[in-house]
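> Below is the structure I would like to discuss, written out as structure tokens.
Read-outs: derived from the displayed coordinates by stated rules, not from any lab. What you see is a predicted model, and the numbers here were worked out from it, not measured in a lab.
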Amino acid sequence: MSEMENGYSTYTDAGPSQKDIPGPVMQFETLQRNLDVRTKLHEILMQQYEVTKLAAQGEEPIFQVLQNATVPGLKSDPRRSVIVIAAIFGALFISAVIVIARDSIKAVRSDPEEMCRLRGDPR
């Protein structure tokens, strides 16, 4: 108590050493520094936000409507029925080509003479 009244003769501005500070107090100090830094950062960012917001109020809007949209009276082409009919005929054509090709391959595989000719084996 007398040291407090008279003042510390060996005290420095750096504070006590880390060895003298217990773990929870050191953790508190670290968290307090982080809080101070983040509080200051928040203050700076809020100031910049307010400045930007005030500057943006005086500017023109980014998008400008040149002409209002109008609803068309008639549907535009192509019609749905034409697309459906074209898809049906296209699917029929492709399936017919696949069936004919599959039957031709099956016929060639079942004929030994034709297989030899395709392989290039002389008989």
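> What shape does segment 53-116 have by the C-alpha gyration tensor, where a ≥ b ≥ c are the square roots of the eigenvalues, rounded means a/c under 1.5, and otherwise prolate means a/b greater than b/c and oblate the rest?
Because a/c hits 1.5 or more and a/b fails to exceed b/c, segment 53-116 counts as oblate.
> Here is a further query. Rounded, prolate or oblate: which fits segment 80-119, taking a ≥ b ≥ c as square roots of the Cα gyration tensor eigenvalues, rounded meaning a/c under 1.5, else prolate when a/b beats b/c?
Here segment 80-119 falls in the prolate category.
> Contour minus end-to-end for GLU60 and ALA101, with contour as 0.36 nm per residue of separation and end-to-end as the Cα-Cα distance?
Full-extension gain reported as 8.1 nm.
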